[in-house]
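**Q** Attaching a single structure in structure tokens format; questions to follow.
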């Protein structure tokens, strides 16, 4: 029998779905021979927390309700980490936030022997210095085997096996030459409906409004349209492919926010004024249609020339990127071994359940390595 | 520092590519901190072997040449396993054969604490009893943690992450409802060129001959056309999805060998007589074209109704299975979490380098678990 200790931060869409999946996983692991006990000892959100004072397991099925009624004040992060460090076994931190401060602490968390699984892109797409510090500390980087492991599958393509596949290509000695794809569920939806394969679609501003109404965008749609989310994902993949990209703003990223609307005060005002700029996007759509092509918002990494870029591109109707549906992501890996036909991974790249699945899958990997 | 011992059997196309990749991996692992030494102590083929008598490492870059000059007689399998069992550390057996006898010994090999990585489909697609025995013995099944681990990514889709993805879907609690795809590089090539998207293509017998000339078929093309290879892969996936399929002959498998030619004496005679049966395939192609569809050789698993089948089916031009190129495989996972748009994995599903990549990737997983 082995016992591992789990500290979970963040109870948004992904965090809630994760708790549900965790309950299922705990049951599975307890039934194995020998059983592994995955004891939840912390659930924390931005304002409050539930912390087990004696490392006794919290009840995963009711802890979320308890948290919402809790008045327990937040222990400052350094003190919390010191406390977790005293657990009577290995500790795994699940960071289901997009918190920059927490991300900046990953190197010291790993050095305390605490493993991390997370969909938090900030840690891996900010400065290259933070990236280096994380993987110099991680036991699955170049850190001591007594340090923690770090896994972050859900930072790109949610639960799709994108990061694990790229790592395996590199680690088994393949040469990745190019990575190209649609990396944002929001952008995928927008362009699949603005210019679906076979024509049609409404005006761009109307599609943005529809996407927002369906809950496919951030509260302020500019947070999707500025391209930064895709740039962060490209930064992560480029680094894994061996390019030491400085930051997500160190390569060309096309923003779909008209310059005149960058500084309007609210997302609502932005949506109201966006129709004034539909002409530009219509022109682009028409020119693509004339060439028998469609417009898509893609990211690409050309490894030999070290070029990373994010923006609008035209694709032939026969290209897999043109045939994308709904809010699916598609990622094409071109490598020496795979030749002219890429290794392709496609499917839902956003949503609480599939993102949490990537986190739960990573957790299972760490459990196997620790027990 | 840790040292692991590696015994490799089989030096065909996959075996040769694996040795090349192993050399690269050994270098990488030696450079890590702390270093892991992956000592090759056996290379064996059907007629001879090179066995390190004192567990000193063989030179991976020259051992293949040595094997071809070797007169060292084969140690019988039971004695060989007893010898490996005395190694001064953990042993991993890489089975790059399609040997049924070796496959039947997996349970006892795992019980000796020896781990197995392999593209050998026989072990996982024969009787359900052998499957159960293997996973009751494996440390990553329900066996003792002191037993060996078993990984077999390359048994389906070569190096594509098919098995690992399906396992993760199941283990994280998703509900797989349907798996559908093109699972044979040979069949993919045949039908992509017999009836490519947009029409064209030659007569069926001519395409079979072309495929054979290009080296895309087995020496006797009937070994591809009988559908058994695809049936074996479907058996493996169905079992992983929770269906206790009896054997690869326990569900409907359509053979493309005309009944009259099943018993002709040679592959050459078969190819000579096949044109007499082109009419049937032409009819099928014409009827598909009339419906705006194309014909493909697919396998599918419907989990709720427990139906597994392999054979020809028609697909709309807009379906991803219709758009396949070259000898690519495509695998669609329909699950509760992924909803109406499946999780899709696509790319080369045959060939020495990509199959060996799946083996090398599995080896790396075992190394991480053992060191």
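**Q** What is the Cα convex hull volume of the range A:74-204 when expressed per residue in Å³? Write down the numbers at each step before the final one.
**A** Details: hull volume 20.4 nm³, N = 131.
Convex hull volume per residue, Cα atoms: 156 Å³.
**Q** Would you calculate the volume per residue, in Å³, of the smallest convex hull containing every Cα atom of the range A:162-349?
**A** Values: hull volume 21.7 nm³, N = 188.
For the range A:162-349, the hull spanned by Cα atoms encloses 116 Å³ per residue.
**Q** In addition: For the range B:162-349, what relative contact order do you get, as a whole percent, if you take Cα pairs closer than 8 Å and at least 6 residues apart?
**A** Relative contact order here is 35 percent.
**Q** A follow-up question, please. Could you work out the Kirkwood radius for the range B:1-98, taking every pair of different alpha carbons, averaging 1/r and inverting it, reported in Å? List each step's numbers first, then the result.
**A** On the way: mean 1/r = 0.0730 Å⁻¹.
One decimal place: 13.7 Å for the Kirkwood radius.
**Q** Inverting the mean 1/r over all pairs of different Cα atoms, compute the Kirkwood radius of chain A and quote it in Å. Write out the running numbers ahead of the final one.
**A** Numbers: mean 1/r = 0.0458 Å⁻¹.
The answer is 21.8 Å.
**Q** Now, a different point. Quick one: of the DSSP bridges fully inside the protein assembly as shown, what percent are antiparallel, nearest 5?
**A** 60 percent
**Q** Compute the helix-to-body angle for A:228-240: its Cα long axis versus the longest principal axis of chain A, expressed 0 to 90° and rounded to tens.
**A** 70 degrees
**Q** Still on this structure, I have one more. Have a look at A:255, A:154, A:184 and tell me which one the Gaussian network model of chain A (Cα, springs below 10 Å) gives the largest fluctuation.
**A** A:255
**Q** Taking chain B as the reference, fit the longest principal axis to its C-alpha atoms, fit the long axis of helix B:185-194 to the helix C-alpha atoms, and give the angle between the two in degrees, 0 to 90, nearest 10.
**A** Result, in degrees: 20.
**Q** What are the extents of the Cα atoms of the range A:163-263 along their three principal axes, listed from largest to smallest and rounded to whole Å?
**A** If we take the Cα atoms of the range A:163-263, the spans are 46, 35, 21 Å.
**Q** Something else now. How far is helix A:278-290 tilted, in degrees, relative to the longest principal axis of the Cα atoms in chain A, given as a value from 0 to 90 rounded to the nearest 10?
**A** Taking the Cα atoms of chain A, the angle to A:278-290 is about 70 degrees.
**Q** Just checking the output field for A:146-158: average partner chain Cβ neighbours within 10 Å of each residue's Cβ? Could the numbers behind the result be given before it?
**A** Values: counts 0, 0, 0, 1, 0, 0, 0, 1, 0, 0, 0, 0, 1.
Taking the mean over all residues of the peptide, I get 0.
**Q** Further, regarding this structure: Work out Dmax and Rg for the protein assembly as shown from the C-alpha atoms and quote the Rg first, both in angstrom.
**A** Rg then Dmax for the protein assembly as shown, in Å: 26.7, 82.
**Q** In the Gaussian network model of chain B, springs joining C-alpha atoms below 10 Å, which of B:188, B:263, B:115 carries the largest mean-square fluctuation?
**A** B:263
**Q** May I pose another question? Could you state the number of Å between the C-alpha centres of the range A:165-242 and the range A:1-74?
**A** Cα centroid to Cα centroid, the span is 32 Å.
**Q** Hey, in the GNM for chain A with a 10 angstrom Cα cutoff, which one of A:30, A:44, A:239 fluctuates hardest?
**A** A:30
**Q** Let me ask another. I'd like to know how the range B:314-355 sits against the 2.2 N^0.38 Å rule of thumb: what's its Cα Rg over that expected value? All intermediate terms of the calculation are to be shown ahead of the outcome.
**A** Numbers: Rg = 12.3 Å, N = 42, 2.2 N^0.38 = 9.1 Å.
Ratio of Cα Rg to 2.2 N^0.38 Å: 1.35.
**Q** Also: What does the copy distance list look like for residue B:269, label position 7 Å along Cα→Cβ, in nm and ordered from shortest?
**A** Those label-point separations list as 8.6 nm.
**Q** Would you compute, from DSSP H runs of 4+ residues alone, the mean residue ellipticity of chain B at 222 nm, taking -39500 (n - 2.57) per run and dividing by the full residue count, rounded to the nearest 500?
**A** Numbers: 15 runs with 145 residues, N = 371.
Taking each H run of at least 4 residues, the total per residue is -11500 deg cm²/dmol.
**Q** Continuing with this model, one more query. Averaged over its residues, how many other protein chain Cβ atoms are within 10 Å of peptide B:25-35's Cβ atoms?
**A** Average per residue, whole number: 2.
**Q** Just need the relative contact order of chain B here, percent rounded to a whole number, with Cα pairs under 8 Å and 6+ apart.
**A** Relative contact order for chain B comes out at 20 percent.
**Q** Kindly give the distances from residue A:306 to its copy-mates, label point to label point, with each label point 7 Å from Cα along Cα→Cβ, as nm values to one decimal ordered shortest first.
**A** Here the equivalent label points are 6.0 nm apart from this one.
**Q** So what does the Cα-only Debye profile of the range B:243-318 read at q = 0.16 Å⁻¹, as log10 I(q)/I(0), no solvent term?
**A** Results for the range B:243-318 at q = 0.16 Å⁻¹ read -0.80.
Read-outs: derived from the displayed coordinates by stated rules, not from any lab. What you see is a predicted model, and the numbers here were worked out from it, not measured in a lab. Every residue, glycine among them, receives a Cβ derived from its backbone with ideal geometry; neighbour counts consider all protein chains shown.
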